[in-house]
1. From the residues in segment 95-112 that are crowded, with 17+ Cβ neighbours inside 10 Å and in contact (Cβ under 8 Å) with a residue 60 or more places away in the chain, which one is farthest from the chain's Cα centre (by Cα)?
2. Look at Tyr281 and say whether it is hydroxyl-bearing (Ser, Thr, Tyr) and under 26 Å from Val198 (Cβ atoms).
3. What is the residue count in segment 327-345 for residues that are under 18 Å from Gln248 (Cα atoms) and either aliphatic (A, V, I, L, M) or assigned to a strand (DSSP E or B) (or both)?
4. Kindly state which helices (runs of 4 or more DSSP H) lie completely within segment 1-89 and contain at least 2 residues that are in contact with a helix residue (DSSP H, G or I) (Cβ under 9 Å, 6 or more places away or on another chain) and at pLDDT 50 or above.
5. Just checking, which of Val218, Val230 is more than 30 Å from Glu143 (Cα to Cα), more than 23 Å from the chain's Cα centre (by Cα) and outside any loop (DSSP other than H, G, I, E, B)?
6. State which residue pairs qualify: first residue touching a residue at least 12 places away in the same chain (Cβ under 8 Å) and among the β-branched types (Val, Ile, Thr) and inside segment 171-193, second residue buried (at least 24 other Cβ atoms within 10 Å of the Cβ) and part of a loop (DSSP other than H, G, I, E, B) in any location, beta carbons under 8 Å apart, and separation of 6 or more residues or different chains.
7. Check Ala297, Ala279, Ala307 and return the single one that is in a strand (DSSP E or B), more than 26 Å from Leu112 (Cα to Cα) and not aromatic (Phe, Trp, Tyr).
Amino acid sequence: MSQHLSRLLAGLAHGTLVLGLLWGALPTRAQGAGASSDPLVEAREARSWLMRIHDAGKKKNFQGIFVVSAGGTVSSSRIVHFYEGSNQFERIEAMDGEMRKVFRHNDVVHTLWPLSRVAVVEQRESINAFPALLQSRGESIVEFYDVKPLGTDRVAGHEANVLGLRPKDAYRFGYRLWAERQSGLLLRADVLDEKDQVLESSAFSEVSIGVRPQLDAVVLPMKKLEGYRVQRPVMAPTDLEREGWSLQVQVPGFRHVSCVKRPVDNPQNAPTDKQMLQAIYADGLTYVSVFVEPYDASLHRREMVMALGATRTLMRRQGDWWITVMGDVPVNTLRSFAAGLERKK
């Protein structure tokens, strides 16, 4: 899984009044146990659960093993999240592939690669925090998704309420969500394509909720960087217009979240003076990132569209520039963003 994808872990979305019939793959117990037959009551209950999921991801203390299955690959991470006062603390340790540890205190993030002894220290908005699953209130979400409760189920030993979110258009994928009944913590999220096939599944294989905060487990490693080559990439806030670009086509449901100039990523983690523009758009459940950088024939060899699990990536040349559009959305959504991006003359 790419570093960008791991940063933008997201999972949510979908449901209609006929979901119980359309989603026969759900466990029998989850297909109707305790569900109301009144559409207004169901919608109100679903919105309430979306708000609980939103709050639980920020304000609950939990730790566990989080597993992502996408595109035939499986990766797991050990997650710790503490909330004290108005402060959030996180520790994420990759359990597969190259050893990587991420520590976060509010918007300060340290990413450590112990084997190469590289530490990257960044200021990131909370949009990139785990679990970055619900970035707006339920009212805006229900404009573009039909939301329906689907009963109850069990995940990692915990009782969970199941929600379905079905997109109202072809610009986004659908989701099934499992939220722990007492706390509202999101335990599992499946991303579904237009045929209701699972593209990607993210879930806790084990999790403890309401654990006692151990802030030193996060804060102390952030202070012990001796022996690491510390990089502090600067992400300067900006906007497309200021950088000579405009998005002429507004993709329905997606609002502008942020825009920064950032150093170009490179596999050796070596310092570079090359910069790219990154603009992020969200519909409350998922993201689309638009990257713009100078075209380099030695790096940007061919235009392409790629898919890994739910994540789609479109890359193409536009004059002297190389455009990359990435997100957990259908390819046509990426094409809409790319087609609407214009360089001001």
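1. Leu112
2. For Tyr281, the condition - hydroxyl-bearing (Ser, Thr, Tyr) and under 26 Å from Val198 (Cβ atoms) - is met.
3. Number satisfying all stated conditions: 6.
4. It comes to 39-59.
5. Val230
6. Qualifying pairs under 8 Å: Val191/Gly11; Val191/Ala13; Val191/Phe173; Val191/Ala310; Val191/Asp328.
7. Residue meeting the stated conditions: Ala307.
The values are calculated or read from the model by the stated rules, or taken from the named source; none is laboratory data. Keep in mind that this is a model prediction, so the values were computed, not measured. Quick reminder, even Gly has a Cβ in these numbers, built from the backbone with ideal geometry, and neighbours come from all protein chains shown.
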